[in-house]
Amino acid sequence: METLKFKTTIKCMGCVSKATPFLNEVVGSENWKVDVNNPDKVLEVTANGNTAASDVVKAVQEAGFKAEPIQ
């Protein structure tokens, strides 16, 4: 398992709620979290072998937010 990290525009728990169905569909409900207290609003995804960073970015965009991978 690999942990992918993204800088996002998901700012609050209301935003997390809005993004939840999109992220759950792509990575599963227990495989992600957003640190809204971090200035970069970091999304951490526990990825299995078939989860691509681009899929996560697309799901966040479909929810109405932005995400970019952090190295």
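The values are calculated or read from the model by the stated rules, or taken from the named source; none is laboratory data. None of the values given here were measured: they were computed from a predicted structure. When we count neighbours, we look across all protein chains shown, and the Cβ atoms used for this are built from the backbone with ideal geometry, even at glycine. Protein only, heavy atoms only, side chains kept; ligands, DNA and RNA dropped before computing areas. Shrake-Rupley method; radii C 1.70, N 1.55, O 1.52, S 1.80 Å.
Using only Cα atoms, find the angle between the long axis of helix 53-62 and the longest principal axis of the chain, and express it within 0 to 90 degrees, rounded to the nearest 10. Between the helix axis and the principal axis of the chain, the angle is about 40 degrees. Could you state the angle between the C-alpha long axis of helix 13-27 and the longest principal axis of the C-alpha atoms of the chain, as a value from 0 to 90 degrees rounded to the nearest 10? The two axes meet at around 10 degrees.
Seen from every direction in turn and averaged, the convex hull around the alpha carbons of the chain projects onto 4.1 nm². Solvent-accessible area of SER54, all protein chains in place: 80 Å² (probe radius 1.4 Å, heavy atoms, ligands and nucleic acids excluded).
Projected label points at ASP55 and ASN37, each 7 Å from Cα along the beta carbon direction, are separated by 3.1 nanometres.
Computed with a 1.4 Å probe over protein heavy atoms only, the accessible surface of the chain comes to 63 Å² per residue.
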